[in-house]
1. Tell me the net charge near N200. Cut-off is 15 Å between Cβ atoms, N200 excluded, with +1 for each Lys or Arg and -1 for each Asp or Glu.
2. Two-decimal Rg/Rh of region 41-125 from alpha-carbon positions, Kirkwood Rh?
3. About the Cα centre of region 25-119, what is the dipole size in debye to 20, counting +1 per Lys and Arg Cβ and -1 per Asp and Glu Cβ, all else neutral?
4. Can you list the residues, at least 5 places off or on another chain, whose amide H is less than 5 Å from the amide H of V178, using H built in the peptide plane?
5. Read phi for every residue in region 136-143 and hand back ³J(HN,Hα) as whole Hz from Karplus 6.51 cos²θ - 1.76 cosθ + 1.60, θ = phi - 60°, with x for Gly and Pro.
6. Mind checking region 118-177 for GluC sites (Glu not before Pro) that DSSP puts in a loop (not H, G, I, E or B) and that have at most 16 other Cβ atoms within 10 Å?
7. Could you list, in their original order, any pairs among K114/K176; K71/K219; K71/K93 whose Cα atoms are separated by more than 24 Å?
8. Using amide H atoms built 1.01 Å from N in the peptide plane, name the residues 5+ places from V147, or on other chains, whose amide H lies under 5 Å from its own.
Amino acid sequence: MSFIPNDHPRAESLRLREQILEGVASGIVAASGPIAHGRGEAFDYLLGERTLECVAQDIQVAAAMLLEAAKPVISVNGNVAALAPKEVVDLSKAIPAPIEINIFYGSKLDDRRKRIAEVLERHGAENVLGLEPDAIVPALSSNRAHVDSRGIATSDLVLVMLEDGDRCQALRRWNKQVLSIDLNPFSRSATSSTLNICDNLIRALPLLSEQILELKTSKHAVLNLIKSFDVNDSHTKLMQAIMLRLSTFARNNQS
Ligand code: PTJ
């Protein structure tokens, strides 16, 4: 890893970049992975690199949905495995829910699947799915269509992170609920999922695990959270929070 001084104002962000670049070097992250990461960085900067209050509420609802689902699955690609392998495994154990590898770049037998599984296993994952996908998401032409019959194909809820949105739409058409974690509130994933968490997955995953552990003891709270969730309301609150941030910034920086 390159030397990053701890007192550098963007040390944390630079470290995450290094993780992505190391992931490219070790064959976990696709060549386009750093570009997807940069897209996320730009949106994170806009949000103030923190979890917005309204997003924290969405995370609570997402935790309730994960607990209430009959067969939830966590979908993981190269970037996610490079950025947050431990956080993904912790979440999978907290729910509990299996992890399935699903990648855009590379065929259904691509070796990158094995390398991603090894990273997750080093962090305690067991029975990672998606190494030999044997089912197909209907009406989806990309490699993301290759799914596991023991996982996504037979699930009722899929958590997707940091990915292009056409699979999200295809999963919804396939009658799955989809939770997405996507920093771009305008993306296809964010606008077509059942609920989008507009946050950096680095922050959102530990918060999700925390909420899961808290909500596990109260079925009543879980059902209430799900019942009171309104996706349009969630989008509106997010847009209002972003507009407030931009207008405050504009006022404070007028010459
Ligand atoms: O599946 P793979 O491993 O073959 O890799 C596929 C990538 C990640 C390259 C592919 O999915 C891709 O190009 O993604 P996109 O279309 O750039 O979409 C990524 C989305 O994730 C964008 O909307 C970003 O804003 C968002 N994003 C990036 N980094 C983060 C993020 N969202 C949450 N947390 C992040 N750290």
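1. With Lys, Arg at +1 and Asp, Glu at -1, the net is -3.
2. Over the Cα atoms of region 41-125, Rg/Rh equals 1.02.
3. 420
4. V158, T194, L195
5. Running phi through 6.51 cos²θ - 1.76 cosθ + 1.60 with θ = phi - 60° gives 10, 6, x, 6, 9, 8, 7, 4 Hz.
6. Working: sites: E118, E121, E126, E163; in loops: E126, E163.
Of the GluC sites (Glu not before Pro), the ones in loops of region 118-177 whose Cβ has at most 16 other Cβ atoms within 10 Å are E126.
7. Values: K114/K176 26 Å; K71/K219 17 Å; K71/K93 14 Å.
In this structure, K114/K176 lie more than 24 Å apart at Cα.
8. Under 5 Å from the amide H of V147: D134, A135, I136, V137.
Rule-based calculations on the coordinates, nothing more; no lab input. If you're wondering where the values come from, they're calculated on a predicted model, not measured in any experiment. Heads up, the Cβs are rebuilt from the backbone with ideal geometry, glycines too, and the neighbour counts pull from every protein chain shown.
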